[in-house]
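Reviewing the structure listed below.
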Amino acid sequence: MTRLAVIADIHANLPALEAVLEDIAHHDVDQIVVLGDLVGRGPYPRQVVERIVQAGWPLIRGNHEYYLLDYNTVRAPAEWKNHTMTAWTQELLGSDNLKRMACWPDTLSLRFRDAPPLRVFHASPETPFHGFFHHHSDDYLCEKLAGIDEGTVVVAHTHLVLDRQVDRWHLLNPGSVGLPLDGIQQARYMLLEGDDHGWRATQRRVPFDYDALFAEIRRTKLIENCGIAGRIFAHEFRTARPQIVAAHRWLHSAYPGRAMDEAAFEEFCSLNFWPYQNKSYHVFVLQPYYTLGDGLEPSLDLRRAEHGDVASVEQLLVQAVAGDKKQALQQWKLNVPDQRALLASIERGEVYLVADQGEDVAALRLQWYDEDQDSKQVLDTLYLHKVIVRHDVAAQALERRVLAWAEQAAREAAKAHVRYLAVPRAQV
Ligand SMILES: [Fe+2]
């Protein structure tokens, strides 16, 4: 049997790397494989690269290594001009390390004698810049994996774990060591055990020293050197959620034409960011010490919708679509289903209504399968689709109480994840 540890997306976070290496030391692995994005965003680029290069572990480049190698050269696309963080990272890293990085490969094919061949990429076979997400269809993934002979393919880049059989490929993602984006402030990595039967993955999660990370962020003057982008990236580390795309999406809808600044970002941080968040990251991982509703009691005046509730659900949907248009949130493509489809969903027992002082103020759909997937292969997940909360009551933490309730329902059904797919506000 061969035992591997796969680590990826360290993002210059040395405390997270050290915590993971300490955990790996208890697992007697034959090799540690490093899948790119060793640097970028964090304050320890030199320490992380030198630790890994000195250990001599097999490694590949990620998109953040490309930023460093191509920034300010003829190869850089025009939009990289605004990358305030790249020059700062280059300086901390030093030219020797940049020259080493220039010689790293983009992919590795691993051929152990006692296990099937295994292939690794940073994001996907065709590019280190676009990764594979949970919502991608089997057809899409097959098209991207065509031509890969190895039956096990390990990728990273999304910072979200994946363990999925797609046609003849076992597709895996270990999540991120240094910049987790699933809402849990812990480093992620993956153990792999390979033998004649294939590779089996165990996803590991390890706490790390956040105080040390933030002390180094302050000491290296990350925010002072990188401006508002540095401020947003520090917030990503703190919240373990992607922020920069959502922040700009919100700015574009709230203040068209305005550039992001400290005041605008403060305002964004005080808002519910889920309507602006890329839907791939609407994922919550359940575990005993973590609650979606921030410890709120899931006390709700909630009932399963019946036939007579169609008009009420429809009205909330119509208001949500109007709110959606107003905020230019194209990603949801929310529409009001025809009454027959709505009734069918109610008959399947998927639709719930929440009342406040006798008035229906929120609607949601709970499903035990993924309506976006034909293969319905993810069975450890509860899907919370189209949570619609009336705008005027959203301030009362109703959304979070709905999430806390869904979390409890998922736990009672022994599910490991909740996927939360849309939060349009119904404007009344
Ligand atoms: Fe990354």
Item to check | Conditions (1) surrounded by fewer than 16 Cβ atoms within 10 Å (Cβ to Cβ); (2) within 16 Å of the ligand (Cβ to nearest atom); number of the one not met by V177 | outcome: (1)
Next on the checklist: For the stretch 187-198, give me each residue that is surrounded by fewer than 21 Cβ atoms within 10 Å (Cβ to Cβ) and either part of a strand (DSSP E or B) or touching a residue at least 12 places away in the same chain (Cβ under 8 Å) (or both).
Outcome noted: L191, E193, D195, D196, G198
Checklist outcome for this item: Going through the stretch 59-104 in order, the residues found to be surrounded by 15 or more Cβ atoms within 10 Å (Cβ to Cβ) and in a loop (DSSP other than H, G, I, E, B) are I60, R61, G62, Y71, A76, H83, W104
Checklist entry - When residues of the stretch 34-69 are filtered for being among the charged types (D, E, K, R) and within 16 Å of the ligand (Cβ to nearest atom), how many remain? => result 4
Item to check | Unique match (being touching a residue at least 40 places away in the same chain (Cβ under 8 Å) and in contact with a Leu (Cβ under 8 Å, 6 or more places away or on another chain)) among V39, V34 | outcome: V39
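Just the residues that are assigned to a helix (DSSP H, G or I) and polar (S, T, N, Q), please, taken from the stretch 233-249.
Correct list: T239 only.
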Checklist entry - Looking only at the stretch 113-159, which residues are aromatic (F, W, Y), buried (at least 21 other Cβ atoms within 10 Å of the Cβ) and assigned to a loop (DSSP other than H, G, I, E, B)? => result F132
Next on the checklist: Going residue by residue through the stretch 209-230, is there one that turns out to be more than 16 Å from the ligand (Cβ to nearest atom), of a type outside the set (A, V, I, L, M) and within 16 Å of D23 (Cβ to Cβ)?
Outcome noted: yes
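Here's the yes/no breakdown for (1) in a strand (DSSP E or B); (2) at pLDDT below 80:
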{"position": "S345", "(1), (2)": "no, no"}
{"position": "Y352", "(1), (2)": "yes, no"}
{"position": "A355", "(1), (2)": "yes, no"}
{"position": "A362", "(1), (2)": "yes, no"}
{"position": "I388", "(1), (2)": "yes, yes"}
{"position": "L403", "(1), (2)": "no, yes"}
Item to check | Extreme residue, nearest to the ligand (Cβ to nearest atom), among residues of the stretch 16-33 that are under 25 Å from M1 (Cα atoms) and assigned to a helix (DSSP H, G or I) | outcome: V20
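The values are calculated or read from the model by the stated rules, or taken from the named source; none is laboratory data. Values in this document were obtained by computation on a predicted structure and should not be read as measured data. Note that each Cβ is placed from the backbone with ideal geometry, even for glycine, and that neighbours are counted across all protein chains shown.
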